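Taking it in order: structure first as C-alpha cells, then the write-up.
The values are calculated or read from the model by the stated rules, or taken from the named source; none is laboratory data. Because the structure is predicted, anything quoted here is derived from the model rather than measured. Positions of Cβ are backbone-derived with ideal geometry, glycine not excepted, and every protein chain shown enters the neighbour counts.
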Amino acid sequence: MRISALCPRCGEEEESVAHVLLKCHFAKAVWFASNLAVRTEGIDHDSFSDWFAELLAQQHEMPNNQDWLQAYSVFCWEIWKARNGLIFNGTITTPSQVAVKSWSFISEAQIDLC
Ligand SMILES: [Zn+2]
C-alpha cells in the first residue's frame, strides 16, 4: 500500500492534482511535447481548476474552442493514466509516449483543431 504523500514520479513535492498535471517535471515535459502551446512555467495557481478555468476563459472567443478544450482534457487524462500506471503497475512511460497516445486519441475521436 502506498502511504507517501510525495509525488511518486519525482518525490520532490506533495502530490496534488495541480502537481501531477501541471507542475511535475513529467507533466511539463508532456505539455512541451504536446505542441499545444500550453504554458506551465511560472504558473501561479495552486489549483488545477483555477488553471483550467483560465484556459477556458482564454479559449472562449477562439474558433473550435470546444475541440481545443477536449484536446487539453485528453492530455490531462493521459498524464493521469500514466501516473496511475506508475503507481499501480510500475509502468514507466515517457512524456513523448503520453503525447503520442494523446494525439492518437484526439485523432481517433476526430477532435478538430484546424
Ligand atoms: Zn512530481
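Which residue, of GLY11, GLY42, is modelled with pLDDT under 90 and outside any helix (DSSP H, G or I)?
Answer to the check: GLY42.
What number goes with the only condition from (1) within 16 Å of the ligand (Cβ to nearest atom); (2) without any contact (Cβ under 8 Å) to a residue 60 or more places away in the chain; (3) exposed (fewer than 14 other Cβ atoms within 10 Å of the Cβ) that ILE87 does not pass?
Just one mismatch for ILE87, condition (2).
Would you be able to tell me the number of residues in segment 7-41 that are more than 8 Å from the ligand (Cβ to nearest atom) and either within 9 Å of the chain's Cα centre (by Cα) or of a type in the set (D, E, K, R) (or both)?
Residues meeting the conditions: 8.
Whether any residue in segment 53-73 is among the hydrophobic types (A, V, I, L, M, F, W, C), within 16 Å of the ligand (Cβ to nearest atom) and part of a helix (DSSP H, G or I) is what I want to check. Please lay out each step first, then the result.
Filtering segment 53-73 for residues among the hydrophobic types (A, V, I, L, M, F, W, C) gives 53, 55-57, 62, 68-69, 71.
From what's left, within 16 Å of the ligand (Cβ to nearest atom): none.
No: zero hits.
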